[in-house]
1. Take every Cα-Cα distance within the chain, group them into 5 Å bins from 0 onward, and report for each bin the whole-number percent of pairs it holds.
2. Can you find, among Gly284, Ser246, Cys260, the residue sitting farthest towards the positive end of the charge dipole of segment 164-288, where Lys and Arg contribute +1 and Asp and Glu -1 at Cβ?
3. Could you tell me what % of all Cα pairs in segment 59-115 have separations over 18 Å?
4. For the cross-link pairs Lys2/Lys34; Lys34/Lys164; Lys34/Lys131; Lys2/Lys39, which exceed 19 Å when the distance is taken from alpha carbon to alpha carbon?
5. Determine the calculated [θ] at 222 nm for the chain from helices alone, applying -39500 (n - 2.57) to every DSSP H run no shorter than 4 residues and normalising by the residue count; nearest 500 deg cm²/dmol.
6. Tell me the angle of helix 53-66 to the major Cα principal axis of the chain, expressed in degrees between 0 and 90 and rounded to the nearest ten.
7. Counting Lys and Arg as +1 and Asp and Glu as -1, each charge on the Cβ, what is the dipole of the chain about the Cα centre in debye, to the nearest 20?
8. List the relative contact order of segment 57-138 as a percent without decimals, with contacts defined as Cα pairs under 8 Å and 6+ residues apart.
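What follows is calculated from the coordinates using simple rules that are stated; it is not laboratory data. Because the structure is predicted, anything quoted here is derived from the model rather than measured. Positions of Cβ are backbone-derived with ideal geometry, glycine not excepted, and every protein chain shown enters the neighbour counts.
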Amino acid sequence: MKKTVRSPGSATIINAIATGSGSAFGIGLDIVCKAKTQKSSITARNDVGAETKFMEDCARNVFETYGISEDEFGIDLETKSTLPMASGLSSSSALSNAITAVTAKIISEEFDLELFNDYDIINMAIESSLKAKVTITGAFDDATASYFGGVVVTNNRYHEMIVKERMEEFPILVYMPDEISKSGSSDVNRMKLLAPLVESAFEMARNGDYFKALNLNGLIYAATLNFNSQIAIEALNAGALASGLSGTGSSFVAICEVDCVDEVKDAWAQFEGRIIETTVDNEGCTFI
């Protein structure tokens with residue numbers, strides 16, 4: 001049996017580390033996972049040269065939840081990605097969603113078992129990410145934005161969905177510095193110092209004012225983590241609807257109207273790095 005799933009990344013509106021509540025939206029950069037059955041064992045490969053243990057552990061978590069032994073059944077996983085790794089664009093959530101979803105789909109069909117529902121799959125993916133320590137908060141906002149697409153507002157502590165809706169498919173620009181190693185420190189205590197300000201930004205997101213929320217959150221976290229906030233400000237000055245740091249960096253995102261894309265790209269040309277063009281993703285995790 002063979003199955004292929006596409007899982008998009010997401011960009012931050014509200015980073016949940018400071019308060020436990022967050023917001024994110026799906027973007028067109030993605031991870032495509034091809035899976036096929038084999039006699040036994042879990043094997044994995046990727047096109048970015050990353051450690052495959054996390055991929056294998058995501059699948060193993062599904063095996064264990066279904067009560068399936070690797071001695072009696074196996075799966076081979078291969079991923080191809082347009083989503084930059086470790087850049088603040090939810091690559092780990094996209095990867096864990098993809099592998100968890102495709103493994104669950106194959107096992108349920110192969111053994112004629114009931115397929116887990118969407119939230120079961122998301123929570124298994126989050127559990128795998130927490131075990132691997134690739135997330136601080138569990139990233140329920142990132143995971144659901146990746147899985148469902150569109151925009152979400154969430155309480156990460158209780159895995160509560162507050163808002164889930166489609167987002168207008170604006171062009172998205174992503175700025176990535178040449179050297180990711182120059183990114184700021186992910187000091188949780190430092191980030192929590194500014195929790196009251198992040199709460200104000202979160203209320204904007206809860207009320208649907210996503211652009212202002214993204215702008216304020218981006219400035220708060222850029223200042224806290226020692227990133228250059230001028231990257232976002234220059235994008236806004238060039239006409240972007242919203243711009244800010246995504247996750248804990250190192251990427252900045254800009255939501256644009258079609259007619260200001262070139263102006264924002266020109267404004268970002270002064271900074272050393274690359275610019276990726278994509279769009280809002282409303283499809284989420286889908287089998288192809």
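1. 1, 6, 13, 18, 18, 16, 12, 8, 5, 3, 1, 0
2. Farthest along the dipole direction, towards plus: Ser246.
3. Values: 613 of 1596 pairs.
Looking at segment 59-115, the distances longer than 18 Å represent 38 percent of pairs.
4. Too far apart for the 19 Å limit: Lys34/Lys164; Lys34/Lys131.
5. -11500 deg cm²/dmol
6. So the inclination is approximately 50 degrees.
7. Working: 23 positive and 40 negative charges, 103 e Å.
Computed charge dipole of the chain: roughly 500 debye.
8. Relative contact order comes out at 35 percent.
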